[in-house]
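Accompanying notes for the structure given below.
The values are calculated or read from the model by the stated rules, or taken from the named source; none is laboratory data. Because the structure is predicted, anything quoted here is derived from the model rather than measured. Note that we place each Cβ from the backbone using ideal geometry, even for glycine, and neighbour counts take in every protein chain shown. Surface accessibility is based on the protein's heavy atoms, side chains included, excluding ligands, DNA and RNA. Shrake-Rupley method; radii C 1.70, N 1.55, O 1.52, S 1.80 Å.
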Amino acid sequence: MIRWSLMGEYFSLILLGIIFIRYYCCEGRTVFSLKKKVFLFCLLSAAASIVLNIITVVTISNPGSIPLWLGMLLNSAYFIVVGGSCSLFALFMFLLTLEHVYDRHCIRMASKVLLSLYIVYLLAVAANLFNGCLFYYDAAEQYQRGPFNRIVFLLPILQLCFLGWCYIRNRSSVGNSMVYVMWTMPPVVLLLSLFQVFYPDFLLNGMISAFVSLILFLSFQTHTGDRDSLTGIRNRNSFMTELSLRVRGRQRIQILVVSLLSFADVNLQHGHNFGDAVLYECARYFDQLFPLGHAFRTGNVTFAIMLPWTDDETAHQHLQQLQSRFRAPWILGDRSCPLSCCIADLCYDGHEATAMEVLEQLEYTLARAKEERGVVRFDDTISSQMRRRQEIIDIMRQSIRDRRFHVWYQPIYCCHDDVFCSAEALLRLDDYEGNPISPNVFIPLAEKNGMIGELTWIVLEEICKFLSSGQAPGLKTVSLNLSMQQLLDPGLAGRIQRYLTEYQLSPDCLKVEITERFLLHDAQYAKRQLASLAATGIQIYMDDFGTGYSNLSSVLDYPFSFIKLDRSLVLHVPEDHRAELMLRTLLTLFHSLGKRVVVEGVESETLANYLKHCGADMIQGFYYAAPMPKQELIAFLSRQSQQQNA
C-alpha cells in the first residue's frame, strides 16, 4: 500500500486560507458581483477538497479505523468535490475570458458544456460504487486505485481545452490579465500534474488548486489600480481598458456619462464627509442600475455607465431611466439632497474605429452637455460639429506655422482730444476657402489646445512692427489682450520688454488688457505679475468690467490705469434711468480714484454723445469704426489727419 505524503496538502490549505483572508480584507465596500461570488466558491470548494483528501488519506492509511461504507462515502465525496472545484475554476476563467463580451451566447454555451462534463463525471463516480472503476477496497480492506482513476485529470484537461478554444475565438476582447493567466496557468498545472504522475506518493491535488487560485488572485483580485478608492467602483483606468476591449471586439455599446452640476454647493452646505457619502450612493446606484452595465468614476463628480446597445429605442429607455432618478432628491439618513446633472449619451454600433476616437466623441459630447447643462446625444449633427472643430484646430496649427493669422485693429476715440489716437489689436483667421472663422470659435479652441500663447506672441510682434513703421498717423498706443496662459508666465514682463527693445518702442506705446478671471486664479501672484508689468511702464486695462466677475476691490488692489466698461453696462443708456445713474456713479468713482474709463460696444450716435457729455475718457464701438485690417486703419487715420490739417 502506498503511503502518501500530506505536506503539500497542508501547505495548500494554509495558502488558500491566506488568499481567502486577503480576499475579504481588500474588498472593503466593493459590490459582490457574480464573478467575485464564483471565485469565493472556488476557494471554498478547493479548501473542501483538500480537507476531504486529508481525511481520506488518514483513514486509508489506517485500515479498519472506519467502516467500509463510510470510507466509500468519503472517497466518493472527495471525487465529487474535486470535480466540482475544477468546474468552478473553469467557470470563473470563462467569466474572466468573456468579461468584456456582451454576447452571452458563448458563456451560456460554456456553462452547458461544463455542466455536461461534470454530469458525466458524476455518473462515473456513481458507477464506481458498483464496479470500482475509480477506486475500491480489497478483501483486506485496503484502498486500491481503479483502472480509470485518472479520470479526475481528464475532466480539467477537457475543460482547459474548451477554455482555450473560447479564448482564441474572443482574443480581441480578452483583457491583458487573462492573457497572463492563459500563458501562466497551463504550464504550472502541467508541471504539477507530471510531478504527481512520477511521484504518486506525494499528493499535489490540493497544490494544483492552490496555485491556480494564487495565479487568479494575483492577476485579478489584488488589482486596486482599477478601482476608485472612495466609491469602490471601477475608475478611469478601468474605463479606458474596457472601452478599448469593447471597441477592439467591435461590440455594440451604449455609454452614458453623468456629470454632477454645482456639487461644490453640496460640500459647502453639508460638509465634505456628506459629499463623499453622496458620491458613494450615486456610484452604487449607477453600478446596479442596469443588469449588464458597469459603472466607472471617471472624474471627481463624473461617472460613466457602459452597457450593451441593441437598438435606439432601448438606448433611449436607458437614458430616460437615468434621467428620472435625478428628478427626485437623494436621501441619506435624515437629510435630503437634490442633485442636478448633465448627461452625454453615445452609442457605438461596432463600426471600424479606435477607442481614442470613441473617447474623443464622448468627451466632445460631454463638453456640449456641460455647456447646455442638459442631455446631449452624439448624432450626425454633433459629429459634424466635432469634425468642424477638429478642422479649425488643424487650420490653426497650420496657420501658426505659415503665419496665416491676421491682426486687425479697432480704433478707439479719445473724447478729450477729439481724435482716434489708440486702437485695440484683434486676431482674425480665415479657412482655406477664405471664409472667416469667428474669434469666439477659434480663441477658446486655442486656449484649450495650448496654442493661445503662440498666438499672443504673433499679435505682439505684429503690433510692434506696425507701431515702429510709423505708417499710421496719430496712432499713439495699441492695446493687446493677454491670455491666462501668458499671464501665468513668470517671464512675461521680460519677454514683452524684449519685443519693445527690438523694435525701439517705448513701453507707453503698448497697453495690455486682462479680465478679472486671472485675478481670481491666485490673488498674490496676480499682484506680483501686474506690478512687474506696470514697473516697465506698460499701462494695464481692466477688461470687461461689469460681466459678472468684476468687483470694486479689484480696482483698488491692482495697478489698473484704465477701466474698460462692458457694453452690457451701457446697453440701456440713456433710456433707463437706473442704468444712467449707475454709469454716472461709476465714472465719478473711477475718476476720483485716478482711473481713466473706456466704454466699449457703442453703436449709436445718441449713446456716443451722451458718453462724451458724461465724461467718458475713451469710446470704442461700431458707431465710430469696426475692426479693420492694418491698411484700412492707415487709410482711416490718414483721413483723420487730413481733416485736422484742413
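Condition check for GLY594 on (1) at pLDDT below 90; (2) open to solvent by 20 Å² or more (accessible area, probe 1.4 Å); (3) closer than 30 Å to ARG498 by Cα: one failure, at (1).
Within segment 615-631, residues that are among the hydrophobic types (A, V, I, L, M, F, W, C) have Cβ atoms under 7 Å from residues that are open to solvent by less than 10 Å² (accessible area, probe 1.4 Å) and in a loop (DSSP other than H, G, I, E, B) in these pairs: ILE619/VAL602, counting only partners at least 6 apart in sequence or on another chain. Looking at segment 293-313, which of its residues are open to solvent by less than 50 Å² (accessible area, probe 1.4 Å) and farther than 23 Å from LEU98 by Cα? The answer is THR298, GLY299, VAL301, THR302, PHE303. Going through (1) modelled with pLDDT of 90 or more; (2) open to solvent by 10 Å² or more (accessible area, probe 1.4 Å); (3) touching a helix residue (DSSP H, G or I) at 6+ places or on another chain (Cβ under 6 Å) one by one, GLY249 falls short only on (1). Residues that are open to solvent by 20 Å² or more (accessible area, probe 1.4 Å) and small (Gly, Ala, Ser) were ranked within segment 46-60; the one that is farthest from GLN142 (Cα to Cα) is ALA47. Filtering PHE442, PHE466 for residues that are in contact (Cβ under 8 Å) with a residue 12 or more places away in the chain, closer than 21 Å to ASP543 by Cα and in contact with a helix residue (DSSP H, G or I) (Cβ under 8 Å, 6 or more places away or on another chain) leaves a single hit, PHE442. Only one entry of LEU455, LEU500, LEU482 meets the criterion of being closer than 15 Å to ARG403 by Cα and in contact (Cβ under 8 Å) with a residue 12 or more places away in the chain, and that entry is LEU455.
Do we find a residue being under 31 Å from the mean Cα position of the chain (by Cα) and under 19 Å from VAL597 (Cβ atoms) anywhere in segment 549-566? Yes, there is a match, as at least one residue in segment 549-566 is under 31 Å from the mean Cα position of the chain (by Cα) and under 19 Å from VAL597 (Cβ atoms).
Within segment 487-522, being open to solvent by less than 40 Å² (accessible area, probe 1.4 Å) and of a type in the set (Asp, Glu) holds for GLU513, GLU516. Counting the residues of segment 523-551 that are open to solvent by 60 Å² or more (accessible area, probe 1.4 Å) and either at pLDDT 90 or above or not β-branched (Val, Ile, Thr) (or both) gives 7. In segment 352-374, the condition of being over 24 Å from PHE303 (Cβ atoms) and open to solvent by 80 Å² or more (accessible area, probe 1.4 Å) is met by at least one residue. Got at least one residue in segment 503-522 being in contact with an Asp or Glu (Cβ under 8 Å, 6 or more places away or on another chain), hydroxyl-bearing (Ser, Thr, Tyr) and either touching a residue at least 60 places away in the same chain (Cβ under 8 Å) or closer than 29 Å to PHE442 by Cα (or both)? Checked segment 503-522: at least one residue is in contact with an Asp or Glu (Cβ under 8 Å, 6 or more places away or on another chain), hydroxyl-bearing (Ser, Thr, Tyr) and either touching a residue at least 60 places away in the same chain (Cβ under 8 Å) or closer than 29 Å to PHE442 by Cα (or both). Taking segment 126-155 as the region of interest, how many residues are touching a Cys at 6+ places or on another chain (Cβ under 7 Å) and surrounded by fewer than 18 Cβ atoms within 10 Å (Cβ to Cβ)? Qualifying residue count for the region: 4.
Among the residues making up segment 254-292, those that are open to solvent by less than 20 Å² (accessible area, probe 1.4 Å) and in contact (Cβ under 8 Å) with a residue 60 or more places away in the chain are GLN254, ILE255, LEU256, VAL257, VAL258, SER259, LEU260, PHE263, VAL266, PHE274, VAL278. Annotation: VAL189 fulfils all but one of (1) assigned to a helix (DSSP H, G or I); (2) closer than 28 Å to PRO291 by Cα; (3) β-branched (Val, Ile, Thr); the unmet one is (2). When ILE343 is tested against the conditions (1) farther than 17 Å from ARG389 by Cα; (2) out of contact with any helix residue (DSSP H, G or I) (no Cβ under 9 Å at 6 or more places or on another chain); (3) aliphatic (A, V, I, L, M), the lone failure is (2). Of the set (1) within 23 Å of HIS318 (Cα to Cα); (2) touching a Gly at 6+ places or on another chain (Cβ under 8 Å); (3) modelled with pLDDT under 90, all apply to ASN267 but (1). Checking every residue in segment 325-337 against the condition of being on the phi > 0 side of the Ramachandran plot and free of Cβ contacts under 8 Å to residues at least 24 places away in the same chain gives at least one match. Does segment 614-631 contain at least one residue that is assigned to a helix (DSSP H, G or I), over 21 Å from ALA472 (Cβ atoms), more than 47 Å from the chain's Cα centre (by Cα) and at pLDDT below 95? The answer is yes; a qualifying residue exists.
Would you point out the residue of segment 116-125, among those that are farther than 16 Å from PHE153 by Cβ and free of Cβ contacts under 8 Å to residues at least 24 places away in the same chain, that is least open to solvent (accessible area, probe 1.4 Å)? In this case the residue turns out to be SER116.
Got at least one residue in segment 94-106 being open to solvent by 50 Å² or more (accessible area, probe 1.4 Å), under 30 Å from PRO291 (Cβ atoms) and in a helix (DSSP H, G or I)? Yes, some residue in segment 94-106 is open to solvent by 50 Å² or more (accessible area, probe 1.4 Å), under 30 Å from PRO291 (Cβ atoms) and in a helix (DSSP H, G or I).
Of the helices (runs of 4 or more DSSP H) lying entirely inside segment 485-578, those containing at least 3 residues that are farther than 26 Å from PHE466 by Cβ are 516-521, 523-535, 552-557. Restricting attention to segment 545-581, the residues being touching a strand residue (DSSP E or B) at 6+ places or on another chain (Cβ under 7 Å) and charged (D, E, K, R) number 3.
Selection of segment 443-453 for residues being charged (D, E, K, R) and exposed (fewer than 15 other Cβ atoms within 10 Å of the Cβ) yields only LYS448. Within segment 611-639, being open to solvent by less than 30 Å² (accessible area, probe 1.4 Å) and more than 18 Å from TRP408 (Cβ to Cβ) holds for LEU611, CYS614, GLY615, ALA616, ASP617, MET618, ILE619. Got a number for residues in segment 171-193 being crowded, with 18+ Cβ neighbours inside 10 Å and more than 30 Å from GLY8 (Cα to Cα)? Residues in segment 171-193 being crowded, with 18+ Cβ neighbours inside 10 Å and more than 30 Å from GLY8 (Cα to Cα): 3 in total. Note on segment 353-384: residues that are touching a residue at least 12 places away in the same chain (Cβ under 8 Å) and either of a type in the set (D, E, K, R) or more than 22 Å from LEU279 (Cβ to Cβ) (or both) amount to 18.
Residues in segment 595-613 that are polar (S, T, N, Q) and either part of a helix (DSSP H, G or I) or within 25 Å of SER469 (Cα to Cα) (or both): 2 in all. Candidates are the residues of segment 462-484 that are hydroxyl-bearing (Ser, Thr, Tyr) and outside any loop (DSSP other than H, G, I, E, B); the one that is least open to solvent (accessible area, probe 1.4 Å) is SER479.
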